[in-house]
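Chemist: Below is the structure I would like to discuss, written out as structure tokens.
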Amino acid sequence: MGVEVSVILPTMNEEKAVAKIISQIKETLEQMGISYEIIVVDKSSDRTPEIARNLGAKVVRQKRKGYGDAYLEGFAVAKGKYIVMMDADGSYDPRDIPKFLEMLKNEDVDFVMGTRLKGEIKPGAMPWLHRYVGNPLLTKILNLFFKAGISDAHCGFRAIKREALEKLPLKCRGMEFASEMVIEAAKAGLRIAEVPITYYPRIGDSKLHSFRDGWRHLRLMLLYSPSYLFLLPGLFLVIIGFGLIAYAYNTDPLRMHTMILGSLLTIVGFQVINFGISGKVYAVKEGLDRPDRITKFFMRYSILEEGLILGGTLFVAGLTLGVRIFLKWREAGYGELFEVRSAIIVLTLIALSIQLIFFSFFISSLMLKEGFE
């Protein structure tokens, strides 16, 4: 009979709590009458691994540093049909494990997350900043970007079916692993459910760094979301830029600085959009994301020729208007000439045309060895 449940505990100097946690895990799973293994992935300088080994846990010495790395190493050796993840610092109660396993076994669920915010948080267990600002804010951003539909994205008490875990290309080795797992689960279409749990004050010193860890989660979500990081801001800049150019061009007397600002926003916004599209195409090409309407459009064989035609058209339009300005200047005897409106339009058109031409080449270079129908 194989192992049914693998419980993975990442540890770093948890000698004050690890014996209690392992004992409670063993008692809980033995009462359920299921086969199990406890895997302690350790990066300690105290007696944590010795204590864990004496209690029958399998101890894996963590080669690198990082919360995510500990779980990646634990996943590599776990044999269970169901994988349970939890901390070994006493903040989670192993007696809640049956609730997770019951959902995985009896309901149409692939991945179960604990939720502290819908459960009970004991006094002193979670700092005010984490409870009311950091965790809710980052969870809302994750739900907005990836439609995960959860309430506590950074709860470390989780359980997942092995076949579901194998669908997730998890690579992050730091604290952002917690967000990566939820993001990849949502992208893979896993059925995610939540279980309210009780959260206790940890035993021993905290290893969290609020602002640094929070930034790492936010950084990951932004890098995973080219649409929110690049496309929407870029589109916003282009719309504002075009609006300012149109307004200033038709205003008398000329609002030169407004028109220059509009040109700048248009050029910068267009470049940001190019970055976003390139990022989405690269993510699809590398298997990090699924194709959508935008990427399918730009991953066509003809996109280079279409980009060159459109970019060339913009360039010719800008050049033609520039020649017109030059002819007026020559007619004026190369003296003073006030063609600021037209000059700014020329600058904008030529800058956009050059961006578009090289963007088309870049996108096509990403697809150089792809097969096209």
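The values are calculated or read from the model by the stated rules, or taken from the named source; none is laboratory data. Predicted model only: the values in this text are computed from it and were never measured. Here Cβ is always computed from backbone atoms with ideal geometry, including for glycine, and neighbour counts include all displayed protein chains.
Chemist: It is to be established whether one or more residues within region 64-86 are farther than 24 Å from Ala193 by Cβ and touching a Leu at 6+ places or on another chain (Cβ under 8 Å).
Modeler: No: region 64-86 contains no residue that is farther than 24 Å from Ala193 by Cβ and touching a Leu at 6+ places or on another chain (Cβ under 8 Å).
Chemist: List every residue pair whose Cβ atoms lie under 8 Å apart, where the two residues are 6 or more positions apart in sequence or sit on different chains, the first residue falls within region 41-66 and is under 10 Å from Pro10 (Cβ atoms), and the second residue, located anywhere, is hydroxyl-bearing (Ser, Thr, Tyr).
Modeler: Short answer, once both residue conditions are applied: Val41/Thr11; Val41/Tyr71; Asp42/Thr11; Asp42/Thr48; Lys43/Thr11.
Chemist: Moving to a separate point now. Failed condition for Gly134, given (1) modelled with pLDDT under 90; (2) surrounded by fewer than 19 Cβ atoms within 10 Å (Cβ to Cβ); (3) part of a helix (DSSP H, G or I), with all others met?
Modeler: If we test Gly134 against (1) modelled with pLDDT under 90; (2) surrounded by fewer than 19 Cβ atoms within 10 Å (Cβ to Cβ); (3) part of a helix (DSSP H, G or I), just (2) comes out false.
Chemist: Let me ask something else about it. Is one or more of the residues making up region 34-43 crowded, with 18+ Cβ neighbours inside 10 Å, outside any strand (DSSP E or B) and charged (D, E, K, R)?
Modeler: Within region 34-43, one or more residues are crowded, with 18+ Cβ neighbours inside 10 Å, outside any strand (DSSP E or B) and charged (D, E, K, R).
Chemist: Turning to a different aspect of this structure: Restricting attention to region 295-313, which residues are among the hydrophobic types (A, V, I, L, M, F, W, C) and free of Cβ contacts under 8 Å to residues at least 60 places away in the same chain? If you could, list the steps in order and put the result at the bottom.
Modeler: As a first pass, look at region 295-313 and keep what is among the hydrophobic types (A, V, I, L, M, F, W, C): 297-299, 303-304, 308-310.
Across region 295-313, the qualifying residues are Phe297, Leu308, Ile309, Leu310.
Chemist: From the list Ile260, Ile239, Ile294, Ile325, which residue is in a helix (DSSP H, G or I), farther than 30 Å from Gly134 by Cβ, modelled with pLDDT of 95 or more and hydrophobic (A, V, I, L, M, F, W, C)? Steps first, please.
Modeler: Numbers: Ile260 fails: modelled with pLDDT of 95 or more; Ile294 fails: modelled with pLDDT of 95 or more; Ile325 fails: modelled with pLDDT of 95 or more.
Going through Ile260, Ile239, Ile294, Ile325 in turn, the sole match is Ile239.
Chemist: Given the residues Gly2, Gly68, Gly56, which is the only one that is at pLDDT below 90 and either assigned to a helix (DSSP H, G or I) or more than 27 Å from Gly119 (Cβ to Cβ) (or both)?
Modeler: Gly2
Chemist: Could you check, for region 99-113, whether at least one of its residues is part of a loop (DSSP other than H, G, I, E, B), free of Cβ contacts under 8 Å to residues at least 40 places away in the same chain and either surrounded by fewer than 21 Cβ atoms within 10 Å (Cβ to Cβ) or not assigned by TED's automatic domain parsing to the domain that holds Met85 (or both)?
Modeler: For region 99-113, residues part of a loop (DSSP other than H, G, I, E, B), free of Cβ contacts under 8 Å to residues at least 40 places away in the same chain and either surrounded by fewer than 21 Cβ atoms within 10 Å (Cβ to Cβ) or not assigned by TED's automatic domain parsing to the domain that holds Met85 (or both): absent.
Chemist: Working only within region 314-343, note down all residues that are β-branched (Val, Ile, Thr) and in contact (Cβ under 8 Å) with a residue 40 or more places away in the chain.
Modeler: If the condition is that a residue be β-branched (Val, Ile, Thr) and in contact (Cβ under 8 Å) with a residue 40 or more places away in the chain, then Val340 is the only one that fits.
Chemist: Confirm whether Arg162 is in the same structural domain as Pro94 (by TED's automatic domain parsing), touching a Lys or Arg at 6+ places or on another chain (Cβ under 7 Å) and surrounded by fewer than 19 Cβ atoms within 10 Å (Cβ to Cβ).
Modeler: yes
Chemist: May I pose another question? Please state which one of Phe362, Phe358 is among the aromatic types (Phe, Trp, Tyr), without any contact (Cβ under 8 Å) to a residue 24 or more places away in the chain, within 25 Å of Ile273 (Cβ to Cβ) and assigned by TED's automatic domain parsing to the domain that holds Gly262.
Modeler: Exactly one residue qualifies, and that residue is Phe358.
Chemist: Return the only residue of Leu304, Leu229, Leu265 being crowded, with 17+ Cβ neighbours inside 10 Å and either touching a Cys at 6+ places or on another chain (Cβ under 8 Å) or at pLDDT below 85 (or both).
Modeler: Among Leu304, Leu229, Leu265, only Leu229 is crowded, with 17+ Cβ neighbours inside 10 Å and either touching a Cys at 6+ places or on another chain (Cβ under 8 Å) or at pLDDT below 85 (or both).
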